[in-house]
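As structure tokens, the structure follows; a few thoughts come after it.
The values are calculated or read from the model by the stated rules, or taken from the named source; none is laboratory data. All values derive from a computational prediction rather than experimental measurement. Reconstructed Cβ throughout: ideal geometry from the backbone, glycine too, with neighbour counts over all protein chains shown.
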Amino acid sequence: MISIIITALNEPYLLKTIADILDKTPDEILDEIIVVDDCSTDPVIISHSKVRVIRNETRLGLIRSRNIATHTAISKYIISIDAHCKVGTGWTDEIIAILESDYRTIVIPVTSGLNPDTWEATGAIAVRTIWDWNLDFSWAGHSDNTTSSPSIAGHCFAFSRDWWSELGGFDDGMDQWGGENIEFPLKTWLCGGSVKVARSSIVAHWFKKNFTYDMDGRVLLKNKSRVVNTWFGDYRYYFKGGSIDSIDSGDITKQLSIKSKKSVHDFAWYINNINPWLRIAFYKNKHKNKKVAILGAGPSLDVISHKDLKKFDYIIGVNYVGLTFNCDYNVFHDYKPAVKVLNSRKYHPEQLLAASNLNYEGSERPADEISKEWGIYCLGKKDNSNIKSIDPPFFNHASSVLTAIHIAMYMGFKDITLFGCDGKLSNDGRSHSSIIPEYNGGKYWNINDAEKYFKRLHSGYAVISKAAKEFNVQIFKYGLL
């Protein structure tokens, strides 16, 4: 029924991983485990009737080693798994069921972290993976309803041998490691397949802090460029700021032939239907040299009127503001305002800029097919202390308003005016914590937390203000900060 393939290069937990798989995979389902030893210092030696070891004579890398293993596998279905994973009980059941329903599917499990010393799962679960225009991988938000993913993490995924063969295998023009977790699922989507999540299958994975082998950044760049030049079409110039023509991708004749014969969708379809996190690139310099007003979390009408706003070319609202004012764009960090504004049906999807890591809860989350339509952008790490570029990831410090400023600069606005943002009392003495009921009792507006929050807010504004000067952008403030 299934062959499990593992690529190993000096892997300290290989035997533990294999023992775990043998223990938790029914014997009648598991045909074999194939280990490709990619020139480990100490050759891999395993004596077990279900385990077969292939040792490369020279180091071929992860991608080509997976091709070797899949080519020699005897089973209908293949599960590729890293040599440092712990699988859950019944982990193959749903994987096999999904593959049986459509052989053109890649199936991924739910993922958690793994402490290799205790061999216990750690951290929160992760489900869906995405990537940006530099083909850098990240985890995206998910809900209990998430059943598909734009991409895969690469540590564990299942596929049918027939589908792998139809798509020409993994791109063997790629060297060593990197980009394969984007290449195979991308061509699967574009050739009429899909990437599905087996929600009942749980695999814990040890996320290494450092590579245990040498990695050449030029190799990774080449691998990524092969994906771009094969599948992106006219969108290839969004990669690495338009530098794609200066990168040697090697011979991609075989990949282009597969695309010509098998693809049923173009890359625009993938952006609009599968990976909307890529859309932010379309906003760059879209409103060059225009004026914009950013309305903070609770500007009451006595702070700014609809009439006053007419002198601005565009309006960006933050969180709930879009319910009161007619905004051109809406920026969200939190799921509650995002869902409320979405459900108001006042706006087109491209006007809703929601972070890819929004955490939804229960029934608050909109259906996946709705949220896919959002113009989703990427954020930097929480509380980042500087802004290195006008490009994403965007500033993520204390307040959605500060993120909105960075997005406005990215859109090309040169005059940015802020109104009634974050905690400043309105003219009649009300703060937006009393104007908007959802904020009452919230973590930022608890009296014990307010002083700490506003210190962070002001430090964040200092960073964004410094960046604005560097980017030749003027910021004006009214009734805020």
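Quick check, is Gly113 free of Cβ contacts under 8 Å to residues at least 12 places away in the same chain, assigned to a strand (DSSP E or B) and out of contact with any Lys or Arg (no Cβ under 7 Å at 6 or more places or on another chain)? Reasoning before the result, please.
Values: free of Cβ contacts under 8 Å to residues at least 12 places away in the same chain: no; assigned to a strand (DSSP E or B): yes; out of contact with any Lys or Arg (no Cβ under 7 Å at 6 or more places or on another chain): yes.
Taking the combined requirement at face value, the residue does not satisfy it.
Select from region 243-263 the residues that are of a type outside the set (A, V, I, L, M, F, W, C), in a helix (DSSP H, G or I) and closer than 23 Å to Asp175 by Cα and list them in ascending order.
Pass one, region 243-263, residues of a type outside the set (A, V, I, L, M, F, W, C): 243, 245-246, 248-251, 253-255, 257, 259-263.
Now narrow it down to the ones that are in a helix (DSSP H, G or I): 245-246, 253-255, 257, 259-262.
Within region 243-263, Asp245, Ser246, Thr253, Lys254, Gln255, Ser257, Lys259 meet the criteria.
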Practice task
Considering (1) touching a residue at least 12 places away in the same chain (Cβ under 8 Å); (2) touching a strand residue (DSSP E or B) at 6+ places or on another chain (Cβ under 6 Å), say which one Gly123 fails and leave the rest.
Solution key: (1)
Problem - Whichever residue in region 68-93 is under 28 Å from the mean Cα position of the chain (by Cα) and surrounded by fewer than 19 Cβ atoms within 10 Å (Cβ to Cβ) and, among such residues, is nearest to Pro116 (Cα to Cα) - result: Gly88
Problem - Matching entry among Leu62, Leu99 (being touching a residue at least 40 places away in the same chain (Cβ under 8 Å) and either out of contact with any helix residue (DSSP H, G or I) (no Cβ under 8 Å at 6 or more places or on another chain) or among the β-branched types (Val, Ile, Thr) (or both)) - result: Leu99
Exercise for the section: Give the number of residues within region 253-263 that are in contact with a Gly (Cβ under 7 Å, 6 or more places away or on another chain) and either surrounded by fewer than 17 Cβ atoms within 10 Å (Cβ to Cβ) or among the charged types (D, E, K, R) (or both). Expected result: 1
Completion exercise
(1) free of Cβ contacts under 8 Å to residues at least 12 places away in the same chain; (2) within 28 Å of Ala8 (Cβ to Cβ); (3) of a type outside the set (Lys, Arg) all hold for Asp245 apart from (2)
Handout entry: Candidates Asn396, Asn427, Asn386 - the one that is surrounded by fewer than 16 Cβ atoms within 10 Å (Cβ to Cβ) and at pLDDT 70 or above
Key = Asn386
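Criterion first (modelled with pLDDT of 90 or more and within 22 Å of Ser263 (Cβ to Cβ)) does Gly179 satisfy it? Spell out how you get there, then give the answer.
Details: modelled with pLDDT of 90 or more: no; within 22 Å of Ser263 (Cβ to Cβ): yes.
The answer is no for Gly179.
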Handout entry: Entirely in region 264-376, the strands (runs of 3 or more DSSP E) that have 3 or more residues that are at pLDDT 85 or above, touching a Ser or Thr at 6+ places or on another chain (Cβ under 9 Å) and buried (at least 16 other Cβ atoms within 10 Å of the Cβ)
Key = 291-295
Exercise for the section: Just name the residue that is modelled with the lowest pLDDT out of those in region 134-158 that are closer than 28 Å to Thr230 by Cα and touching a Lys or Arg at 6+ places or on another chain (Cβ under 8 Å). Expected result: Ala140
Practice task
Evaluate the following for Thr188: is it surrounded by fewer than 19 Cβ atoms within 10 Å (Cβ to Cβ) and of a type in the set (S, T, N, Q)?
Solution key: no
Handout entry: Pairs where the first residue, in region 1-24, is surrounded by 21 or more Cβ atoms within 10 Å (Cβ to Cβ) and the second is in a strand (DSSP E or B) and polar (S, T, N, Q), C-beta under 7 Å, 6+ apart
Key = Ile5/Ser80
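State the number of residues belonging to region 111-123 that are buried (at least 22 other Cβ atoms within 10 Å of the Cβ) and more than 16 Å from Lys208 (Cβ to Cβ). Talk me through it step by step, then tell me what you get.
Narrowing region 111-123 to residues buried (at least 22 other Cβ atoms within 10 Å of the Cβ): 111, 114.
Subsequent filtering for residues that are more than 16 Å from Lys208 (Cβ to Cβ) retains none.
Going through region 111-123 one residue at a time, the tally reaches 0.
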Fill in the blank from the handout: Taking region 25-46 and keeping residues under 17 Å from Ile202 (Cα atoms) and surrounded by 13 or more Cβ atoms within 10 Å (Cβ to Cβ) leaves Thr25
